[in-house]
1. Which whole-number percent is the relative contact order of the range 2-201 (Cα, under 8 Å, 6+ apart)?
2. How many nm is it between the label spots at T39 and Q15, if each spot is 7 Å from the Cα in line with the beta carbon?
3. Going by how many other beta carbons lie within 10 Å of each one, how would you line up T206, T35, fewest first?
4. Taking the Cβ-Cβ separation of D406 and E156 as r and a Förster radius of 30 Å, what is the calculated FRET efficiency to the nearest 0.05?
5. Find how much the distance from E191 to A143 grows on full extension, using 0.36 nm per residue of separation minus their present alpha carbon separation; answer in nm with one decimal.
6. From the square roots a ≥ b ≥ c of the eigenvalues of the alpha-carbon gyration tensor of the range 2-201, which class results: rounded (a/c under 1.5), prolate (a/b over b/c), or oblate?
7. Give me a comma-separated list of calculated 3J(HN,Hα) values for the range 419-427, in order, Karplus coefficients 6.51, -1.76, 1.60 applied at θ = phi - 60°, integers in Hz, x for any Gly or Pro.
8. What does the charge count around D286 come to, taking other residues whose C-beta lies under 12 Å from its C-beta (Lys +1, Arg +1, Asp -1, Glu -1)?
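We did not get these values from a lab; they are worked out from the coordinates using the rules stated. These numbers come from a predicted model, not from an experiment. All Cβ positions, even for glycine, are placed from backbone atoms using ideal geometry, and neighbour counts span all protein chains on display.
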Amino acid sequence: MMVAEHEALAEDGAQLVELRLDWLKRTPELQRLLTERPTPVIVTCRRPEETGKWRGTEEQRQTLIRQAIVLGAEYVDLEIDIAEQIPRYGDTKRIISYHNFKETPDDLEEIYQEMEQQDADYLKLATMANTPEDNIRLLALVAEAEIPTIAFCMGEMGVPSRILCGKYGSPWTYATFSSERVLAPGQLSFEDMRDIYHYDEINEDTRVFGVLGDPVGHSYSPILHNAALRHEGLNAVYLPLRVPRDVLLSTVKEFEKLEIEGYSVTIPHKEHVLEYTKYHLQSVEDCGAANTLYRNDRGKWFATNTDFGAALSALNQALELKNPADSQLAGKKVLMLGAGGAAMAIGLAVVRSGAGLTIANRSNKRGKALAETLNCQHTNWENRGSVMADILINCTPVGMYPNMEDTPFPQHWLRDGMLVFDTIYNPENTLLLKEARGHECYTLSGLEMFVLQASEQFECFVGQSAPIDFMRETLRRAISPVRLN
């Protein structure tokens with residue numbers, strides 16, 4: 001099976017493959033694995049303390065590594081504590097490695113200096129990111145290295161360093177051949193590294209953008225923006241950046257060391273991020289929230305909100321499809337669920353269009369405060385089903401991946417003929433929308449609004465028009481149950 005998977009990876013364009021011998025249930029036939037190899041290989045056999053699966057003795061493990069060297073493997077991975085016990089032989093290159101699955105230690109730099117003394121051709125460090133700033137420490141080691149160094153953080157917060165290490169000089173990064181078999185926390189698939197992030201094209205001149213949120217693993221933003229950047233021939237990459245709310249401002253400040261030029265901003269940061277810059281566009285002043293941060297050519301950060309215009313356009317398009325003879329938002333009765341940053345932008349668009357708006361929020365206090373700000377009606381969350389509305393808009397995260405069996409509005413409260421707009425786009429077909437169709441309601445998913453707001457973000461980031469039709473088609477392909485080639 002390992003030989004077959006290796007051949008499949010080579011056909012897909014892999015240039016270097018790590019053979020994890022510890023994952024095999026019996027002693028491997030090294031001669032066969034190496035004789036039939038279609039690409040250069042790294043031979044690795046991890047112990048349980050490095051979350052490996054080796055079942056034999058330490059002596060047997062080291063003997064296996066020595067055999068790989070004698071048989072001419074291009075690379076072997078040697079943990080820092082055994083490097084001196086396995087001497088250099090032939091043309092096999094030595095990767096001296098350090099793994100820490102709990103943290104990025106305070107004495108990381110001292111550990112690195114010790115590794116430099118171990119007769120290494122390459123150094124590899126992989127540590128757990130417990131804060132977003134841990135990425136910066138690992139990337140700094142790569143940038144300043146005299147011995148070629150592969151260094152990145154593990155875990156969801158460590159994903160940026162797995163992608164950016166190439167920009168700072170890493171000879172390669174690590175990915176799993178299948179998203180269903182992840183060998184380390186936060187590891188991306190080879191397919192995603194190749195097709196979404198285009199890792200092999202990242203270099204020191206690559207511009208960097210990203211999405212700030214917690215969580216961000218569900219976001220389609222990296223797929224959409226990376227595809228648009230590549231479509232336009234721009235040397236840039238767009239990253240998923242998981243940042244907890246309590247460290248948002250300090251993290252964005254630290255991320256300036258990575259020369260990030262722009263951010264999409266999602267839950268729960270749309271209001272808190274305003275504290276990062278005093279330069280707010282009118283959409284932010286109106287909405288009290290931002291979904292975009294970008295730098296101008298003088299290095300000043302600006303906050304804007306592209307949700308406002310995107311929501312209004314999406315609603316108008318849906319009303320036109322529902323009834324061309326009655327497509328005006330003005331005069332309609334709208335019930336909006338939620339009182340966060342997106343709700344502020346959408347609510348403002350609804351009120352300014354002349355519709356009658358009622359807000360319900362799980363925190364009644366916050367919902368009432370937003371209603372007062374927008375000068376509209378408020379109802380308690382418990383009473384939301386009693387509002388007779390023409391349009392229902394969900395601005396809460398209820399029903400979002402991974403809690404896809406939840407709904408913010410029980411189906412027995414839905415009325416036939418309503419327009420139900422769910423701003424969630426992952427999944428596209430939420431439980432709310434499924435049940436709405438069962439009541440002969442017209443539905444609008446968050447996909448169109450997402451594409452419209454993302455296209456305006458793209459223009460803020462790179463200063464040119466977005467390929468909006470291409471972005472729309474890209475998103476359709478990404479959400480399709482069957483991945484289209």
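1. On the way: 338 pairs, mean separation 23.2, N = 200.
About 12 percent, as a whole number.
2. Rounded to a tenth, the inter-label distance reads 1.0 nm.
3. Values: T206 18, T35 11.
Fewest-to-most Cβ neighbours within 10 Å comes out as T35, T206.
4. Once rounded, the FRET efficiency stands at 0.85.
5. Going from the current span to full extension adds 14.7 nm.
6. On the way: a/c = 1.55, a/b = 1.19, b/c = 1.30.
Oblate, because a/c is 1.5 or more while a/b does not exceed b/c.
7. 9, 10, 10, 9, 6, 5, 10, 9, x
8. On the way: positive: R352; negative: E285, D307.
Residues near D286 contribute -1 overall.
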